[in-house]
Amino acid sequence: MSRIPVRGSLVALVTPFHEDGSVNFEKLGELIDFHLENETDALVILGTTGESSTMSHEEDNAVCEYTVKRVAGRIPVICGSGSNDTRTMLEKSLSFERLGADGLLIITPYYNKANEEGIYRHFATVADAVKIPCILYNVPGRTGCSISEANVARLSKHPNIIGIKEASGNISYAAKIARYLSDDFVMYSGNDDMIVPMLALGASGVISVLANVAPRETHRMVTDFLEGRVKEARDLQLKLLEVTNDLFIEVNPIPVKEALNLMGKDVGGYRLPLCPMTEAHRETLRRSMAAAGLI
């Protein structure tokens with residue numbers, strides 16, 4: 001990953017599984033090729049959508065190593081190395097760096113939450129130790145805690161922290177932290193239903209679930225806005241809004257994996273506590289996918 005932050009559509013990639021729950025590397029390779037062919041600007045692996053919370057460190061390393069080799073430098077590969085244990089996050093970050101990752105996505109300490117200084121040190125410990133750039137990940141709906149505006153201001157000055165994935169869904173918070181954006185610290189929308197509004201606040205792109213099923217369209221939405229075609233970007237955001245919403249009709253990544261399977265990608269199922277979606281929700285998703293021209 002360049003020291004200059006990536007602009008555009010960064011897909012939060014799913015991890016395909018075999019029927020027995022093991023990682024399906026053949027399908028992972030096909031997904032990587034699909035994104036390389038369809039204008040995705042970077043891969044973000046082993047995040048929420050990648051189900052890393054139920055994967056072992058050995059599996060994480062194997063997925064990182066495979067992805068880096070398959071991509072072969074054509075686009076950046078960013079690995080989610082987050083943990084609620086700072087020491088574990090550091091170990092994972094150093095491991096992914098050794099395996100050739102271009103950047104890291106590092107999350108707030110879920111469950112234990114931490115106090116203000118603890119959250120700062122949680123991120124700074126990793127950023128101080130690695131040589132590849134780090135992106136903060138703010139998703140309080142998942143973690144139970146948020147990165148304060150004051151900590152964003154502090155962390156934005158760290159030479160090895162190049163951005164934040166803002167997934168709170170709170171446009172007021174996003175506006176407040178947008179004051180700290182610069183050429184060296186950028187913001188990515190973490191919500192697909194807010195891509196254009198976040199771009200209007202100065203975001204450089206999106207780390208996207210939608211891009212799993214609509215990579216070219218998501219890339220175009222961001223590119224249109226950044227190149228001044230605001231109406232075209234807005235129209236595409238609204239055109240895809242129904243399918244975007246249905247990709248979260250149940251907890252992520254259940255619907256997006258189902259959507260990929262509806263597209264014939266055969267990415268498999270999930271690991272408990274995730275399980276298949278209801279038939280009613282599957283039919284709702286199928287209809288919106290068809291209406292968007294994705295199946």
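Observations
- Qualifying residue in the stretch 145-154 (condition: at pLDDT below 95 and surrounded by fewer than 17 Cβ atoms within 10 Å (Cβ to Cβ)): no
- Take the conditions (1) closer than 22 Å to Gly50 by Cβ; (2) open to solvent by less than 10 Å² (accessible area, probe 1.4 Å); Ala167 misses just one of them, which is (2).
- Hey, Glu19 open to solvent by 40 Å² or more (accessible area, probe 1.4 Å) and either under 28 Å from Cys275 (Cα atoms) or among the aromatic types (Phe, Trp, Tyr) (or both) or not: yes
- Residue match in the stretch 51-63 (condition: touching a residue at least 40 places away in the same chain (Cβ under 8 Å) and charged (D, E, K, R)): yes
- Positions within the stretch 22-42 being in a strand (DSSP E or B) and closer than 26 Å to Cys275 by Cβ, in sequence order: Val23
- Where helices (runs of 4 or more DSSP H) sit wholly within the stretch 188-295, those with at least 3 residues that are open to solvent by less than 20 Å² (accessible area, probe 1.4 Å), in contact with a strand residue (DSSP E or B) (Cβ under 8 Å, 6 or more places away or on another chain) and free of Cβ contacts under 8 Å to residues at least 60 places away in the same chain occupy 195-200.
Results for (1) surrounded by fewer than 16 Cβ atoms within 10 Å (Cβ to Cβ); (2) charged (D, E, K, R); (3) closer than 23 Å to Arg7 by Cβ, shown as yes or no for each residue.
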position	(1), (2), (3)
Thr40	no, no, yes
Ala72	yes, no, yes
Thr86	no, no, no
Leu104	no, no, yes
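- Conditions (1) of a type in the set (D, E, K, R); (2) closer than 24 Å to Asp184 by Cβ; (3) open to solvent by less than 10 Å² (accessible area, probe 1.4 Å); number of the one not met by Glu116: (3)
The values are calculated or read from the model by the stated rules, or taken from the named source; none is laboratory data. No experiment lies behind these values; they were computed from the predicted model shown. In this analysis, Cβ positions are derived from the backbone assuming ideal geometry, glycine residues included, and neighbour counts consider all displayed protein chains. Protein only, heavy atoms only, side chains kept; ligands, DNA and RNA dropped before computing areas. Shrake-Rupley method; radii C 1.70, N 1.55, O 1.52, S 1.80 Å.
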